[in-house]
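Take a look at the structure set out below.
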Amino acid sequence: MKYLTKKKIFFIVFVIVVFGFAAYNIYQNRDALLKTVEKEASKGSYFDIDIDNIDSALTENMEYRLEFIESFGMMQKLMGKDEFNNFEFVKDHNGFLNYGAFYREDDPDIFEYAQRVKRLQNYVEPYGTKVLFVITPSKYDRNNSDYSDDMPVNDPYNKINELKFYLRRLGVETLDLGDSLPGDRITYEDAFFKTDHHWTPMAAFEAADILTDELNERFEANLDPFDYYGNIDNYEVKEYSNIMLGSMGRNTGVNYSGMDDFTAVIPTFDGNFTRRYYEEDGSRTKLEGTIHETLLNYDLLKKDLNIYEEDPYAFYLDELKTFEKIDNNELTDGDSVLFLRDSYFSPVMTFMAPLFKEMDAMYLLEESDEFDIEDFIKGEYEEDDDYDYIIIEMYPGNIDDDAFNFFED
């Protein structure tokens, strides 16, 4: 009888604590929660409401969230586990984190994705615009990653190869940077962060050089003819030790993932640029000055960063904006380019900015009421332009319907 009474008391106390903390958490984060609910409600239809967004508004702002993450991460490390949170993340023997994929499903729509790119190309071809589809390297690398045989790491190679096959079959110029990086130019250890899915600035610099060469060879672009901007001697390579905790590390905690060094590739030249960018909420910002004043954010290289909220990777172009225009005021004549891209190309665009008279960019995965990629290309906005090149860049983990949000019909 006493045993059952103790069980009941524990159950009652447990329920009170759980529901009490939930109520406290909702109260403390009521502003963020209400803003998310209002945004979801504005979609008009109940069926359009994404409950996951509301759940994220609560979990991402949860009280004592970091303490819970770090405690859980420490327990996983003490147990010697190479997987985290039911295989959401997995770790290789060298400490590199990656996404897990316990259940793998084929995507039946990859041919449709390729057709959308082809429709875009067909639309802009009469205007003389050249289209290049670029796939960045996967952090999981069959030749370099060292995972246990039973570890279900996310392997995107089949999806990459299928997409490349269809694009090339449809006549779309395609560049798979994973064929070159990592490789002779840069090792795997120098190409990726341990705690983040992004590549390093040095890998991005090598990618910018490869992309420049490809544009020159395929389209006779004549970019950087004297190889000034592709020469690493014209940059300062500066290492910042233990300054970065990537997005994966922020989910597993420092105790589990450790910290990354950040090696910045910083131009030693100035240039003269005008940068205008648009946020998701429609606000607009204009910057004018050197490359250091417009495209680089030196505040993110300080030692006193809040590692859970500030990311040195955003040193380049603040990582991502919904839409941005970068004008090179030193070029009186030059080519124009539109990047349809994700966050992988922020440092690449920075390194390539001196090569173009005009460089515009739109975020492929952004859900914005301000800009629609297809409408923009069709000239529905005053900011649009006829471009010499459209470069569509995609990280392998983003190959799905959300990233091909254009020319669906």
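The values are calculated or read from the model by the stated rules, or taken from the named source; none is laboratory data. Everything quoted here is computed from the prediction, not taken from an experiment. A quick note on method: Cβ atoms are made from the backbone with ideal geometry, for glycine too, and the neighbour counts reach across all protein chains shown. Side chains are part of the model used for accessible areas, which takes the heavy atoms of the whole protein and leaves out ligands, DNA and RNA. Shrake-Rupley method; radii C 1.70, N 1.55, O 1.52, S 1.80 Å.
Just add up the charged neighbours of Glu293: K/R +1, D/E -1, any other residue whose Cβ is under 11 Å from the Cβ of Glu293.
Values: positive: Arg275; negative: Asp270, Glu288.
Cβ neighbours under 11 Å give a net charge of -1.
Considering the dipole of the chain built from charges on the beta carbon (Lys and Arg +1, Asp and Glu -1) around the Cα centre, which of Ile243, Val265, Pro312 is farthest to its positive end?
Ile243
Out of the DSSP beta bridges found with both residues in region 286-409, what percent are antiparallel (nearest 5)? Numbers along the way, then the final one.
Details: 6 of 16 bridges.
Antiparallel bridges: around 40 percent, rounded to the nearest 5.
Around Glu374, under 11 Å between beta carbons, what's the net of Lys plus Arg minus Asp minus Glu among the other residues?
On the way: positive: Arg116, Arg119, Lys378; negative: Asp372, Asp375, Glu380, Glu408, Asp409.
Overall, the nearby charge balance is -2.
From the square roots a ≥ b ≥ c of the eigenvalues of the alpha-carbon gyration tensor of the chain, which class results: rounded (a/c under 1.5), prolate (a/b over b/c), or oblate? Working shown, then result.
Numbers: a/c = 1.71, a/b = 1.55, b/c = 1.10.
Because a/c hits 1.5 or more and a/b exceeds b/c, the chain counts as prolate.
Compute the accessible area per residue over the chain, keeping the other protein chains in place, probe 1.4 Å, unit Å².
Values: 21030 Å² over 409 residues.
Value returned for the chain: 51 Å² of accessible area per residue.
Would you mind counting up the charge near Gln121? Only other residues with Cβ under 11 Å from its Cβ, with Lys and Arg at +1 and Asp and Glu at -1. Don't skip to the end; give the middle numbers.
Numbers: positive: Arg116, Lys118, Arg119, Lys130; negative: Glu125, Glu173.
The answer is +2.
Comparing Val15, Val337, Val153, which has the greatest mean-square fluctuation in the GNM of the chain with Cα pairs linked when under 10 Å apart?
Evaluated over the chain, the most mobile residue of the options is Val15.
Roughly how big is region 303-409's charge dipole about its Cα centre, with Cβ charges of +1 (Lys, Arg) and -1 (Asp, Glu), in debye to the nearest 20?
Details: 6 positive and 34 negative charges, 140 e Å.
Magnitude of the dipole: close to 680 debye.
When the helices in the chain are scored as -39500 (n - 2.57) per DSSP H run of 4 or longer and the sum is shared across all residues, what 222 nm value do you end up with, to the nearest 500 deg cm²/dmol? Numbers along the way, then the final one.
Working: 13 runs with 139 residues, N = 409.
After summing the helix terms and dividing by residue count, I get -10000 deg cm²/dmol.
Quick one: which of 393-404, 130-141, 226-237, 79-90 comes out on top by average Cβ neighbours within 10 Å, and what's the full order, highest first? Kindly include the intermediate steps, with their values, before the conclusion.
Numbers: 393-404: 19.2, 130-141: 22.9, 226-237: 12.7, 79-90: 15.1.
Ranking the peptides 393-404, 130-141, 226-237, 79-90 by packing returns 130-141, 393-404, 79-90, 226-237.
In whole angstrom, note down how far apart the Cα centers of region 155-216 and region 235-267 are.
Going from one Cα centre to the other spans 21 Å.
For a quick check of your reading of the filter: which GluC sites (Glu not before Pro) in region 238-328 sit in a DSSP loop and have no more than 10 other Cβ atoms within 10 Å?
Glu309
Have a look at the DSSP beta bridges in the chain and tell me what percent are antiparallel, nearest 5. Walk me through the numbers before you get to the answer.
On the way: 32 of 52 bridges.
In the chain, approximately 60 percent of DSSP beta bridges are antiparallel ones.
For the chain, which whole-number percentage of the solvent-accessible area (1.4 Å probe, protein heavy atoms only) is attributable to carbon and sulfur atoms? Walk me through the intermediate numbers first.
On the way: 9870 of 21030 Å².
Of the solvent-accessible surface of the chain, carbon and sulfur hold 47 percent.
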